[in-house]
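Worksheet: one structure, shown below.
Rule-based calculations on the coordinates, nothing more; no lab input. Note that the structure is predicted; figures quoted are calculated from it, not measured. Reconstructed Cβ throughout: ideal geometry from the backbone, glycine too, with neighbour counts over all protein chains shown.
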């Protein structure tokens, strides 16, 4: 493809830069955003059965926001109704709760009920993020190739938003915000003018991304490395951007640490959220880069690289001293039972080989566009076409794609970042095709490149391979195929929740996939929900199901369980029955109820069977 461009007649670049920021960018953005938002509302809201997304994280985020709005401290991240007595310290940031809670409070001023205010807020927030994602992609395209590339970026991003469940009404977990931040970070770093303001924004964006979730930390680390290497290569010609980035990163992460971490936890090191570990390394790295770019102005390129190597060694030493546990996987300490019975069944946590083995039809949607973008960036670097820009994008997309090989969830960031380099190559091929209308090859390469740049096209072909073409041409088939799935849909109905809510507040033992929904609809504490920080509660629920009837009583009473919510159709429950045919869950499935359990009336034959734990 790049060889085709290289051997074709040179076509003057007729892409014009807009005279001002407002005259092309914002009117175009408004048009794209309105069309996409209208399409999402028309296609998805009328058929929605709930105003909260299907992912457990969407439900749990709403529970967290409700707790905060009800008076729980900004700094108190405990989920007191999850897990064993005392609750579970969550790893999510209040920075995401803030805008959602603000929207709920705003809409409650005129909504007919609290639920209506929540529904409005949970509809507006992901749609707003969708518009910001389109803006970030167009902003990056404008910087790379002018107005025409900007429009292609707008177009690819609009299609991405429309076909991604992460931007649907009700999707309020933090992954959609992370996609926006990563694309905007990349757009700031590819400023060909090497502007200080762009790198200030990049530093602030990187700090916010770290504060929101650990998923983006490797990408941010690579972004920092890109800025540092550019300074070492160019010297003072890149001094101002390097200083701007380093200082803004250091100051921003400090402000966010103080604003979101409770003072009592300043000395705590955790590897799944902003804590002393991520804060100290980020602040030291940013300050170190600032000081190097400020104080090593007259040094040679070799001296700058040596100085940068010294900073890298100092950072590694600091990581070993401050947060050695964070140099490995944050899930390395997960109990083997939870790994086997829970994590290995979570779709978005699967590695590439598992995904290829069990759901090969989805592999294209997760991995193909990222690999294609990596190849495009590499070939364009070899062709010396906007070399530095493509090297930066190659590094960012490459690390995101490598992460996706370990856990498929990384693909949602890799696919988002591909929009920038693919917008530019599509624009170049479009101009080449228009310049040679009689050249069939030019048009063919252009069309193929466009199709290969869209994840939903790969999803479509994957769906066709398993479902046939008739069952693949629908919005739900195309979006659900590339979205992480819940492991269970049973025992989360409103009928089940009404039955539980009617009982006096107590402690519920239920499958982890039902945990967040129980927290949403009832006042109970629930032992299990699918979060790795709640190992104690999750293990207790598993042991209850695996233990014999007599042994299970000890687990139930030890955990102060008042009601056992048995779900025969839950996949994890079925796995427990297969593992222990003489366990409590197997007995309950066969109608054997131990004397310490009292069966309550069944309200939903396909849902929970509720058993009260009889007091001694």
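Overview of values
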read-out	value
Helix 419-435 vs. the chain, principal-axis angle (Cα, 0 to 90°, nearest 10)	50 degrees
Highest to lowest packing among 566-575, 27-36, scored as the average C-beta count within 10 Å	566-575, 27-36
Exposure proxy ranking, count of Cβ atoms within 10 Å, fewest first, for 60, 315, 337	337, 315, 60
Efficiency of FRET from Cβ geometry, residue 345 and residue 464, R₀ 35 Å, rounded to 0.05	0.85
Separation in nanometres of the label points that stand 7 Å from Cα toward Cβ, at residue 590 and residue 222	5.3 nm
Alpha-carbon Rg/Rh ratio, for segment 177-222, with Rh computed the Kirkwood way	0.97
Mean projection area, nm², convex hull over Cα of segment 401-449	3.7 nm²
Prolate/oblate/rounded label for segment 191-327 (Cα gyration tensor, a/c 1.5)	prolate
Efficiency of FRET between residue 451 and residue 76 - r from beta-carbon atoms, R0 51 angstrom, step 0.05	0.55
On Cα atoms only, tilt of 147-162 relative to the major axis of the chain in degrees	10 degrees
Chain lengthening between residue 269 and residue 313 when straightened (0.36 nm per residue, less Cα-Cα)	13.8 nm
Mean Cβ neighbour count within 10 Å, used as a protection proxy, ranking 399-407, 159-167 highest first	159-167, 399-407
Stretch gain in nm, segment residue 325-residue 49, where the contour uses 0.36 nm per residue and the Cα spacing is subtracted	95.1 nm
Contour minus Cα-Cα distance for residue 606 and residue 85 (0.36 nm per residue)	184.5 nm
The chain: angle of helix 455-467 to the longest principal axis, Cα-based, in degrees nearest 10	50 degrees
Overall form of the chain per C-alpha gyration tensor (a/c, 1.5; a/b vs b/c)	prolate
Inter-centroid distance (Cα atoms) of segment 49-107 relative to segment 562-616, Å	29 Å
Rounded, prolate or oblate (a/c below 1.5 giving rounded, otherwise prolate when a/b exceeds b/c) for segment 149-212 by Cα gyration tensor	oblate
Sites residue 554 and residue 303 - FRET efficiency at Förster radius 51 Å, r taken between beta-carbons, to 0.05	0.15
Among beta bridges that DSSP assigns inside the chain, antiparallel share in %, nearest 5	65 percent
